[in-house]
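Here the structure is laid out as structure tokens; the discussion comes afterwards.
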Amino acid sequence: MDRGDDGRRPVTEDNWRTQRLELDDQTLREWDATVLAVGEDGIVLDRSAFYPGGGGQPPDHGVLLWGGVQTAIVGARKGDDLYLIPAEGDLVPAAGTAVSGAIADDRRTALMRTHSGLHVLCGVVFRDYGSLVTGGNMEPFSARMDFDLPELPDGFRTAVEEACNAEIVAGRPIAVRVLPRDDAFAIPDIIRTATNLVPPEVKEVRIVDIVGLDQQADGGTHVASTAAIGRIEVVKIENKGKGFRRLRIKITD
Ligand SMILES: [Zn+2]
């Protein structure tokens, strides 16, 4: 579920010079790097664990430390490179500078719990009602997801909330693996969104697997087990017309 910021065809990452550490290790919070470039678009590092946003998950915040200076990172921009956006007015390191990167842990951990909670919600609604997702987004501990759901069954809200929390209590492992495109699309129902958003030029697909409940092509960051999500509360269901329902959830401890 990834689109370029300007709504055009998804930006491919193939030519990004930054090695994305968070795709392999979602628990990483600090690392060393070198600045490759800096300019109006932002700062380009050779390696980074900042999640740049996508799939409804907003970008990470954090800092770069260099020569006794701290540069706050408040977002990311995807273009021909992966640009980290410094806070307005902060000093920025020149190209070639060695830096230490650190992610704002509370925010990232909250987003990982929330994102995994959305996958549980998506898995439960698809399994129990056969509905596909048409959109979603999140902030730390609150999120919304839209479903193609013409009829709202009686007791839907309570049933979904209870089913989601049963999956959390079950403590299902959440595994991430990368598959060749054809192998990935051979997995039934791997695309849970109403429209397939994986760009045709993407040769390898990252799969997020809530073992026994839900498998999806996904680029976001997740906790290692549903048990780490917390509790899911369905706070509201909105009728978005044309048979679409918006579920608003919050994640609590
Ligand atoms: Zn996702």
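The values are calculated or read from the model by the stated rules, or taken from the named source; none is laboratory data. Just so we're clear, the structure is a prediction, and the values are computed from it rather than from any experiment. Cβ atoms come from the backbone with ideal geometry, glycine included; neighbour counts cover every protein chain shown. Surface accessibility is based on the protein's heavy atoms, side chains included, excluding ligands, DNA and RNA. Shrake-Rupley method; radii C 1.70, N 1.55, O 1.52, S 1.80 Å.
Just read off the accessible area of Leu23 with the full protein assembly in place, 1.4 Å probe, to the nearest 10 Å².
Per-residue accessible area (Leu23): approximately 50 Å².
Can you give the FRET efficiency for Lys242 and Ile187, using 1/(1 + (r/R0)^6), R0 = 22 Å, r = Cβ-Cβ distance, to the nearest 0.05? Present the calculation step by step, with values, prior to reporting the outcome.
Numbers: r = 29 Å, r/R0 = 1.32.
The pair Lys242/Ile187 has a calculated efficiency of 0.15.
With the cut-off at 1.5 for a/c, could you classify the range 13-103 from its C-alpha gyration tensor as rounded, prolate or oblate?
rounded
What does the accessible area per residue of the range 13-103 come to in Å², with a 1.4 Å probe and no ligands, DNA or RNA counted?
Computed with neighbouring chains in place, this is 45 Å² per residue.
Angle, helix 105-129 long axis vs. longest principal axis of the chain, Cα atoms, 0 to 90°, nearest 10?
Once rounded, one gets 30 degrees.
Nearest 10 degrees, 0 to 90: what angle lies between the long axis of helix 156-169 and the longest principal axis of the chain (Cα atoms)?
The angle comes out at about 60 degrees.
Expressed as a whole percentage, what fraction of the accessible surface of the chain belongs to carbon and sulfur atoms when a 1.4 Å probe is rolled over the protein heavy atoms? Don't skip to the end; give the middle numbers.
Numbers: 5850 of 11710 Å².
Carbon plus sulfur share of accessible area: 50 percent.
What lysines sit close enough to Lys203 to cross-link, taking a C-alpha to C-alpha distance under 20 Å and skipping anything fewer than 8 places away on the same chain?
Lys78
Could you put Glu167, Glu162 in order of accessible surface area, largest first, with the 1.4 Å probe and the full protein assembly present? Numbers along the way, then the final one.
Details: Glu167 15, Glu162 120 Å².
The residues order as Glu162, Glu167, largest area first.
Less than 17 Å apart at the alpha-carbon level, and either on another chain or at least 8 residues along: which aspartates and glutamates does that give for Lys250?
Asp106, Glu139, Asp146, Glu161, Glu162, Glu167, Glu233, Glu238
Quote the accessible area belonging to Leu179 in square angstrom, nearest 10, computed with a 1.4 Å probe and with ligands, DNA and RNA left uncounted.
Per-residue accessible area (Leu179): approximately 40 Å².
In deg cm²/dmol, rounded to 500, what helix-only [θ] at 222 nm does the chain give when every DSSP H run of at least 4 residues adds -39500 (n - 2.57) and the total is split over its residues? Display every interim value, and only then the final one.
On the way: 3 runs with 44 residues, N = 253.
Here the helix-only value at 222 nm equals -5500 deg cm²/dmol.
Tell me the net charge near Arg246. Cut-off is 11 Å between Cβ atoms, Arg246 excluded, with +1 for each Lys or Arg and -1 for each Asp or Glu.
With Lys, Arg at +1 and Asp, Glu at -1, the neighbours total +3.
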